[in-house]
Amino acid sequence: PLHVRPNISVTTNSRENLNFGLYNGSVLKGIVFEDNGIGGGIANNGIQDGAEAGIPKVRLYAEDAGGGTIYDNASTAADGSFTLWMPASLVATPIQIREANLAGYLSTGGNAGTTAGNYDVVTDLMTFAFLAGQTYEGIEYADVREHSLSPDNASHTAPGTVVFYSHIFEATTAATVEFTLSGVATPVDPAYGIVLYQDLNCDGNLDSNDVAISSPLNVSAGDQVCLITKVQVPTNAPNGGQHVLTLSANVNFINAAPALNRLYSVTDVTTVGDGNSGLVLEKSSPTSSAAPGATITYAITYTNFGTEPIGVLVIQVV
């Protein structure tokens, strides 16, 4: 057919790769969004609702069935939208659209839109019977960011003492979280006492109103659960003995279908020293990672396990 674009001005200068809005082929349009339930949406349901925002810089591929041939690929724009162009030479054939999740993201669902196709959350593939000369719209991919549990800790202490370690669980979407503790001592005997508390004011200290955690907790996007693990070192713990405490968070993503579960864990390593152990320096931080440009604050703790006072102590940061 004849297409006309009026009012196009030209000069004596050469112009290349001009876009006149015409394409002899088919178009696939959709969005990748964060399915976290923000703004009144329903988290993890595979549908963009509430104020759930698009995710930029996600790569998508339009391929033949099986992925042997890539017809087009594109990254999502700032609002999460994407457009894939299919060649005019491609007629009726099975097509799949593949999403390559950004690092740290999980898929929770998808919508085939006007393709009338099917989405598989396990493979993250949208498959449908392609027809030439069509504009397919409403294709959706739903992702959520991984939750996080941090940091790993380590400490030296004397027999008969109590050690406290701080942790933070950061939720990125609605979930039920079950926290558990398990400890391994070397040598196996004597037994160490371990307890997990919720640090209600997140100050890193065990206060009188902080409660021991005995049941799962419900969280939403943006929630922080501050935790304190308590390790009671036995009075007869040998010099050089070690206790490794594992704090685990078993997470069930609410509303996800099929069910989506993840397990996160950190460790607290307690090493026992006696009066001959001398000076021990320890560095700790409430987080194990940070975004570019962010500031991380470290706490430096020094402990003298020796029987004699230390006359001169110089700490140098290089």
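Please find, among Gly30, Gly37, the residue that is open to solvent by less than 60 Å² (accessible area, probe 1.4 Å) and under 20 Å from the mean Cα position of the chain (by Cα).
Gly37
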| message | Quick check on Thr83: is it assigned to a strand (DSSP E or B), modelled with pLDDT of 95 or more and either of a type in the set (S, T, N, Q) or under 25 Å from the mean Cα position of the chain (by Cα) (or both)? | response | yes
| message | Given the condition open to solvent by less than 40 Å² (accessible area, probe 1.4 Å) and touching an Asp or Glu at 6+ places or on another chain (Cβ under 7 Å), answer yes or no: does some residue in region 127-138 qualify? | response | no
| Quick check: is even one residue across region 86-97 open to solvent by 60 Å² or more (accessible area, probe 1.4 Å), modelled with pLDDT of 95 or more and either out of contact with any strand residue (DSSP E or B) (no Cβ under 7 Å at 6 or more places or on another chain) or assigned to a strand (DSSP E or B) (or both)? | no
| task | Just give me the residues in region 292-312 being modelled with pLDDT of 70 or more and out of contact with any strand residue (DSSP E or B) (no Cβ under 7 Å at 6 or more places or on another chain), in sequence order. | result | Pro292, Gly293, Ala294, Thr295, Ile296, Thr297, Pro309
| Counting only residues that are open to solvent by 30 Å² or more (accessible area, probe 1.4 Å), assigned to a loop (DSSP other than H, G, I, E, B) and more than 19 Å from Pro151 (Cβ to Cβ), how many does region 222-250 have? | 6
| task | Could you check region 159-216 for strands (runs of 3 or more DSSP E) lying wholly inside it with 3 or more residues that are in contact with a strand residue (DSSP E or B) (Cβ under 9 Å, 6 or more places away or on another chain), of a type in the set (A, V, I, L, M, F, W, C) and over 13 Å from Thr229 (Cα atoms)? | result | 175-186
| field | Matching residues, region 183-219, being open to solvent by 60 Å² or more (accessible area, probe 1.4 Å), of a type in the set (Ser, Thr, Tyr) and within 29 Å of Ile254 (Cα to Cα) | value | Ser214, Ser215
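The values are calculated or read from the model by the stated rules, or taken from the named source; none is laboratory data. Computed from a predicted model, the values in this text were never measured in an experiment. FYI the Cβ positions are ideal-geometry reconstructions off the backbone, even for glycines, and counts take in every protein chain you see. Note: areas computed on protein heavy atoms with side chains; ligands, DNA, RNA excluded. Shrake-Rupley method; radii C 1.70, N 1.55, O 1.52, S 1.80 Å.
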